[in-house]
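Notes to accompany the following structure.
The values are calculated or read from the model by the stated rules, or taken from the named source; none is laboratory data. For clarity, every value in this text was computed on a predicted model and none was experimentally measured. Using ideal geometry, Cβ is built from the backbone for each residue, glycine included, and neighbour counts are taken over all protein chains shown.
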Amino acid sequence: MKYTYLMMNLCRFLLITIPILILLTWSYIDNSFMINSIQEGIFFQPTMTPMGIMSLNDVKWTMTSKFFGLMWQTFGFLTDIIALWFLCKIFKNYKDGFIFTKQNAQYYRKIGVFYFLDALILKPLSDTFLTLALTCGNKPGERFLTLSFGTPSLRALFFAAVIIMISLVMIEASKIHDEQTLTV
């Protein structure tokens, strides 16, 4: 049970820290520390756009481009943040001794569904915001809006399906657990 308490607190810490780091990143994206970190590949890797490969250092950051960058990263982490919230609930249930419950199975199912939606909707939308952030400062005619669906989305769909399958197994386990609890 000590590990579930540790995992619950880790999830809570990440639930608070990730949004703060995203906000700080885009508030100071044009700061010399961030510029050097991007240049050395510590934070963001170059990205393929219709204009070719672009680094975030190639962008003249305006409030609009920073907003699109913030949206790109927020949409990119949104499902992870939601999953962390559900994991906090799951680990709290584990800590309290409620392991094979319908509620935990529903939490796992919701995590799987959110990752499924992430692969189908949020990932392509997130990439659209990245292209907007990288090109919105360009001259008219050189600004781009892209929407794509590719192999990384298929991988995410597969893992979302696996999580949903785990939730179905957990539902069956909760039924068996309930039957055993009622049997004296």
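Annotations
- Remark: Asp80 falls outside the filter, which requires a residue to be surrounded by fewer than 18 Cβ atoms within 10 Å (Cβ to Cβ) and more than 27 Å from Leu23 (Cα to Cα).
- Qualifying positions in segment 51-69 - outside any helix (DSSP H, G or I), surrounded by 12 or more Cβ atoms within 10 Å (Cβ to Cβ) and over 22 Å from the mean Cα position of the chain (by Cα): Met51, Met54, Val59, Trp61, Thr62
- Filter result for the condition that a residue is of a type in the set (D, E, K, R) and under 23 Å from Cys136 (Cα atoms), over Lys95, Lys60, Lys2: Lys60
- First in segment 78-103 and at negative phi, second anywhere and assigned to a helix (DSSP H, G or I) and charged (D, E, K, R), Cβ under 7 Å, 6 or more apart: Thr79/Asp118; Phe86/Lys110; Cys88/Arg12
- Candidates Thr146, Thr131: the one that is touching a residue at least 60 places away in the same chain (Cβ under 8 Å), touching a strand residue (DSSP E or B) at 6+ places or on another chain (Cβ under 6 Å), among the β-branched types (Val, Ile, Thr) and surrounded by 14 or more Cβ atoms within 10 Å (Cβ to Cβ) is Thr131.
- Ile121 without any contact (Cβ under 8 Å) to a residue 60 or more places away in the chain and either out of contact with any helix residue (DSSP H, G or I) (no Cβ under 7 Å at 6 or more places or on another chain) or of a type in the set (D, E, K, R) (or both): yes
- Candidates in segment 18-44 are the residues that are out of contact with any helix residue (DSSP H, G or I) (no Cβ under 9 Å at 6 or more places or on another chain) and in a loop (DSSP other than H, G, I, E, B); of these, the one that is modelled with the highest pLDDT is Asn31.
- Flag if Leu132 is out of contact with any Lys or Arg (no Cβ under 6 Å at 6 or more places or on another chain), over 30 Å from Gly97 (Cβ atoms) and in a loop (DSSP other than H, G, I, E, B): no
- When segment 71-117 is filtered for residues that are over 16 Å from the mean Cα position of the chain (by Cα) and either assigned to a loop (DSSP other than H, G, I, E, B) or of a type in the set (Ser, Thr, Tyr) (or both), the ones remaining, listed by number, are Tyr94, Asp96, Gly97, Phe98, Ile99, Phe100, Thr101, Tyr107.
- Pair list, Cβ < 8 Å and 6+ apart or interchain, from segment 29-41 residues that are without any contact (Cβ under 8 Å) to a residue 24 or more places away in the chain to residues that are aliphatic (A, V, I, L, M): Ile38/Leu56
- In segment 6-28, of all residues being in contact (Cβ under 8 Å) with a residue 12 or more places away in the chain and β-branched (Val, Ile, Thr), the one that is surrounded by the fewest Cβ atoms within 10 Å (Cβ to Cβ) corresponds to Ile18.
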